[in-house]
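Encoded as structure tokens, the structure appears first; notes follow it.
What follows draws every value from the coordinates through simple rules; no lab data is involved. Since the model is a prediction, treat every value here as computed from it, not as a measurement. Ideal geometry is used to build each Cβ from the backbone, glycine not excepted, and the neighbour counts take in all protein chains shown.
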Amino acid sequence: MIEIENVRKSFGQLEVLKGINLTVQKGEVLTIIGGSGSGKSTLLTCINGLETIDAGRIVVDGTDVHAKGTDLNKLRRKLGIVFQQFNAFPHLTVLENVMLAPVKVLGQSKAEAEAMAVKQLTHVGLGDKLKVYPSRMSGGQQQRMAIARALAMSPAYMLFDEVTSALDPQLVGEVLDTLRMLASEGMTMICVTHEMKFAREVSDRVAFFHKGVMAEIAPPEELFGAPKDPELKTFLAATH
Amino acid sequence: MFDTALTLADLGFLAQGAVMTLAVTAVSVLAGTILGVVFGVLRNQLGTYWSLPITFLLDIFRSVPLLIQLVLGNALQSIMKLGWAPFTTSCVVLSLYTAAYCTEIVRGGISAVPATTRRAARSLGMTWWQDMRYIVAPLATRVSLPAWIGLTLGVMKDSALVLWLGLIELLRASQILVTRLQEPLFILLICGAIYFIISFPIARLGGYLEKRWSND
């Protein structure tokens with residue numbers, strides 16, 4: 001369970017998170033929508049401790065992320081995150097990209113890590129690209145590799161930060177299909193996305209962020225079907 | 001009484017000089033690179049403000065002519081009664097000189113690694129050290145290699161200045177022969193050829209590594 005309690009965060013003068021309260025249950029798929037600068041991506045990087053917070057608390061399975069003495073490297077093993085940029089390690093093959101962290105961080109044997117890597121890469125449809133370098137792959141393939149790389153750590157939660165935003169339109173589908181597959185397998189996911197159709201399909205709940213505030217949160221049919229917040233209405237009208 | 005033809009022994013003498021040049025270069029580049037990596041990482045970690053003392057110190061080594069550094073370094077070691085041999089003094093000064101340039105190369109290489117790539121590494125639970133070791137080091141090395149090869153070749157040629165401390169390296173050996181044989185152009189041609197023979201493999205090694213790393 002991820003518990004977010006009254007989290008505040010500023011970059012200089014600009015307050016990007018103005019007291020967010022949110023709880024994500026095991027097995028839940030939560031999508032976060034909202035305009036740019038609404039704080040949705042920042043929240044994700046606060047959850048795995050890449051960013052500090054100014055007030056409030058984020059607790060993951062009983063561990064206070066930002067408390068002194070929290071072993072963030074250990075915590076991050078259970079929080080997979082995939083970013084907008086593909087972030088492939090360009091000097092490693094696809095297989096090596098996925099094997100690196102399980103071997104170095106989890107201390108798995110090469111054979112163990114390779115078996116897991118092959119399994120995850122096959123899962124995301126890259127079973128035939130094991131020996132290829134990332135630069136030889138399309139953006140969609142690189143992004144699916146990044147997903148496999150995160151999954152190889154056997155995380156309890158997956159955080160997706162606008163993973164299709166940097167993709168060519170024709171490549172968005174293959175990545176969303178991968179996310180759909182994970183959702184249907186019961187992975188606990190928080191997805192920040194601009195893909196409304198996708199949010200509608202896979203989410204258990206959808207949250208709308210506006211200017212650092214979570215303006216509305218509801219199951220998708222309710223949030224998209226009968227939006228209450230005026231900003232959300234404007235936002236939805238603009239995205240159609 | 002004086003032999004004025006180039007003998008085999010003279011060529012051996014030049015070869016000895018070349019070995020001295022190689023020895024001074026090897027020690028200085030090795031030590032300078034290790035120091036350069038340490039300072040480069042430090043400068044990157046500390047940020048502009050806190051690394052100011054390092055930056056200032058290294059700027060001195062980059063801006064004062066090497067000849068002056070060698071003479072001052074030698075004077076300093078005798079004032080401090082360190083009793084260093086000219087070879088040691090030469091290597092110490094040249095190492096610091098190399099380190100000053102290498103620090104900038106390393107710093108540039110590290111900052112060329114995208115912050116987002118490093119963030120991805122840390123997100124996978126890697127420690128700072130693992131990120132540096134498995135992601136930053138290989139990527140920064142690829143970026144820095146051409147500049148580092150250039151530095152190595154430069155240091156090898158600059159190492160000729162250690163002749164002022166009395167070391168008989170390649171250039172000094174050539175000068176001695178010129179004095180005796182009175183054939184400056186011919187001797188310097190041989191000397192230049194030897195410098196080239198030493199440099200060429202290093203330059204090619206750089207080219208080879210660049211090519212090998214470029215396919216990924």
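Overall, the range A:2-239 carries a charge dipole of about 520 debye about its Cα centre when +1 sits on the Cβ of Lys and Arg and -1 on the Cβ of Asp and Glu, all other atoms neutral. The phi torsions of the range A:169-174, fed into the Karplus equation with coefficients 6.51, -1.76 and 1.60 and a -60° offset, translate into couplings of x, 6, 9, 5, x, 5 Hz, rounded to whole numbers, with Gly and Pro shown as x.
Of the trypsin sites (Lys or Arg not before Pro) in the range A:1-92, the ones in a loop by DSSP (not H, G, I, E or B) with at most 14 other beta carbons within 10 Å are A:Lys26, A:Lys68. Near A:Gly34, the amide H atoms lying under 5 Å from its own belong to A:Phe209; only residues 5 or more places off or on other chains count, and H is placed 1.01 Å from N. Per-residue ellipticity at 222 nm from helix content only, as computed over chain A with -39500 (n - 2.57) for each DSSP H run of at least four residues, stands at -11000 deg cm²/dmol. Counted over all Cα-Cα pairs of the range A:1-133, pairs farther apart than 26 Å make up 37 percent. In the protein assembly as shown, the C-alpha radius of gyration followed by the widest Cα-Cα span (Dmax) gives 30.1, 111 angstrom.
Value of Rg to Rh for the range B:8-213, rounded to two decimals, is 1.06; Kirkwood radius and Rg both from alpha-carbon coordinates.
Checking the cross-link pairs A:Lys9/A:Lys68; A:Lys110/A:Lys131; A:Lys26/A:Lys110; A:Lys18/A:Lys233; A:Lys104/A:Lys131 against a 24 Å limit on the alpha carbon distance flags A:Lys26/A:Lys110 as lying beyond it. Share of pairwise Cα-Cα distances greater than 31 Å in chain A is 22 percent (whole percent).
Please list, short to long, the whole-number percent of alpha-carbon pairs of the range B:140-216 in consecutive 10 angstrom bins beginning at zero. Values per bin, smallest distances first: 17, 37, 25, 15, 6, 0.
Using only side-chain charges placed at the Cβ, +1 for Lys and Arg and -1 for Asp and Glu, the dipole size of the range A:133-240 relative to its Cα centre rounds to 200 debye. Karplus-derived 3J(HN,Hα) values for the range A:145-152, using 6.51 cos²θ - 1.76 cosθ + 1.60 with θ = phi - 60°, are 4, 4, 5, 4, 5, 5, 5, 5 Hz; glycine and proline are entered as x.
For chain A, averaging the sequence separation of C-alpha pairs within contact (under 8 Å, six or more residues apart) and dividing by the residue count gives a relative contact order of 27 percent. Within chain B, helices built from complete DSSP H runs that reach 15 Å or longer along their own axis (Cα positions) and carry a mean Kyte-Doolittle hydropathy of 1.0 or higher are B:8-50, B:52-63, B:66-79, B:184-213.
Among the trypsin sites (Lys or Arg not before Pro) within the range A:96-146, those in coil by DSSP and having at most 12 neighbouring Cβ atoms inside 10 Å are A:Lys131.
Each residue of the range A:95-110 was assigned a 3J(HN,Hα) from its phi angle through the Karplus curve 6.51 cos²θ - 1.76 cosθ + 1.60 (θ = phi - 60°); the sequence is 4, 5, 3, 7, 7, 3, 5, x, 6, 7, 8, 8, x, 6, 6, 4 Hz, with glycine and proline shown as x.
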